1. Would you confirm, using the coordinates I've provided, whether A419 is at pLDDT below 95, surrounded by fewer than 20 Cβ atoms within 10 Å (Cβ to Cβ) and farther than 24 Å from A332 by Cα?
2. All but one of (1) on the phi < 0 side of the Ramachandran plot; (2) modelled with pLDDT under 90; (3) not assigned by TED's automatic domain parsing to the domain that holds P191 hold for S119; which doesn't?
3. Does segment 142-152 contain at least one residue that is modelled with pLDDT of 80 or more, assigned to a loop (DSSP other than H, G, I, E, B), crowded, with 18+ Cβ neighbours inside 10 Å and touching a Leu at 6+ places or on another chain (Cβ under 6 Å)?
4. Evaluate the following for P378: is it modelled with pLDDT of 95 or more, of a type outside the set (S, T, N, Q) and in contact with a strand residue (DSSP E or B) (Cβ under 7 Å, 6 or more places away or on another chain)?
5. Testing R235 on (1) part of a strand (DSSP E or B); (2) surrounded by 15 or more Cβ atoms within 10 Å (Cβ to Cβ), one condition comes back false. Which one is that?
6. Could you go through segment 216-227 and let me know if any residue there is under 17 Å from the mean Cα position of the chain (by Cα) and loosely packed, with under 15 Cβ neighbours inside 10 Å.
7. Restricting the search to segment 460-482, which residues are loosely packed, with under 15 Cβ neighbours inside 10 Å and hydrophobic (A, V, I, L, M, F, W, C)?
8. Output the residue which, of all residues in segment 463-482 that are in contact with a strand residue (DSSP E or B) (Cβ under 9 Å, 6 or more places away or on another chain) and among the aromatic types (F, W, Y), is farthest from E396 (Cα to Cα).
Amino acid sequence: MSGGAAALQHSKALKFLSALEPLSESVLFAKIPYIWEQGFMMDKNSQLRDMNLFRAPAARAAKTLDRSLFAKTLNAAAASVKENRLLSKYRKELEKSHEVLFMERFNPILPDPDPSLASQGKKCIVLAPQIKPTYINTRKVDVMKSILPEGLHDEIPSGFNTVGHVAHLNIRDQYLPYKNIIAQVLLDKNPHIKTIINKIDNVGSENEFRTFAYEVLGGPDDMNVEVSEAGCTFRFDYSKVYWNSKLDTEHKRITNLFKPGEVVADVMAGIGPFAVPAGKKGVFVWANDKNPESYRYLEDAIQRNKVSEYVKPFNHDGHDFIRTAADLVLEASKRGDHAVIKPPRQPRNSTRNSTAPPPEPVRIPVPPTISHFVMNLPASAIEFLHNYRGLYHGHEELFAPHSETKLPMVHAHCFSVKAEDDTPLKDICERIHKEIGMMLEPGDPENEGEVLIYDVRDVAPAKRMFCASFRLPREVAFAARA
């Protein structure tokens, strides 16, 4: 190091020590001259994590992962603290001046380098440490940049959908030659992930049940997963049924529209992300899915989450289910079907009169009409809407003005173009008109002739998912059945 550079580092160190002068009785700054000589002293305008010293090595075009390339030895120094109770206080002061080492998975508080002090439990705060940063300490994005060609750094595939212990990637063509090493890095850097798969076709392009072909890039081919959502637990084979963790917010939004004691018909229920949480809140749900595997796991979720009093599973074609659901619910209501709510157990030390009879269970009757239809099949749900014609033909007396009951609300998920103007709204309204024979306008679904078109999420650069919610028009519900 030149004399001028050494003088500059010496000046920085003096300024650093001066700032901590009130602490000097309890702190011994050992080995600092060594830092000046090496030029590793940091000031508040620099971070050690940004130094070339800590950057991952370049190993581009590698097809296998060599973790040893990320190991290196660095000269170090530390502030030796005489009283361990002051460690936290001094560390905060040093962090304010950016003098503490920041590195992924590294704790800057270590045993004192003096063996005699370390044996007494004394510790130090690492400033410019002599450590061996390894692959473990390197961020996944830095590992990716070190192994991928520079031209592929802009869209590094480090994000993924997680379903239980499975990470689901959609690797673009330009990254396919590196898919296995990418998967290995993601496995290493995400301990909760055990299996990584890559989708090799579009959901629904080969299978009406929205399952997809995949390849395993890392870990065992184990697709039996467990997920938790809305306080409910679901277990299923991810290769045989549809599940999208990105829809949890939409599941919650729709479920929040339901009131306890209402009936909901879930036409494309899957394994129950709408139905089971709704059952938890005391909503009757007729839940249907055409996929036999979805039906099997739906039954399991109903039992596992103890909602069998409220949720009834069906394995019918969606078209048939819509046409028959209203009659099934009406028949159940006439039979006196109901849920039984047991009163909570009284604590043993309760002051309630021990001779008084226990409270009776509460019976919640199934109402005669459906309040909501949910159709979460965005690729084709709108094409099912014509089945609502004549849904309540001959039962006009069940609804206003003969009663206070409103006709069902229909929630149909769908895809449309991504645009800043009203193009997707017009597109969706025209498609609904084609199916039910009535033109609805974007607006408030509680107003006659209007539909709420809710923007759910992006699914592709030029494609978005929406949910069209409208109250079934009288002209449709009471029309003659075909």
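The values are calculated or read from the model by the stated rules, or taken from the named source; none is laboratory data. This one's a predicted model, so the numbers in the text were calculated from it and none came from an experiment. In this analysis, Cβ positions are derived from the backbone assuming ideal geometry, glycine residues included, and neighbour counts consider all displayed protein chains.
1. For A419, the condition - at pLDDT below 95, surrounded by fewer than 20 Cβ atoms within 10 Å (Cβ to Cβ) and farther than 24 Å from A332 by Cα - is met.
2. Going through (1) on the phi < 0 side of the Ramachandran plot; (2) modelled with pLDDT under 90; (3) not assigned by TED's automatic domain parsing to the domain that holds P191 one by one, S119 breaks only (2).
3. no
4. yes
5. (2)
6. Our first condition is that a residue be under 17 Å from the mean Cα position of the chain (by Cα); within segment 216-227, this holds for 225-227.
Of the ones still in play, those that are also loosely packed, with under 15 Cβ neighbours inside 10 Å are 226.
Among the residues of segment 216-227, at least one is under 17 Å from the mean Cα position of the chain (by Cα) and loosely packed, with under 15 Cβ neighbours inside 10 Å, which makes the answer yes.
7. Those that are loosely packed, with under 15 Cβ neighbours inside 10 Å and hydrophobic (A, V, I, L, M, F, W, C): A460, A462, A480, A482.
8. The residue in question is F466.
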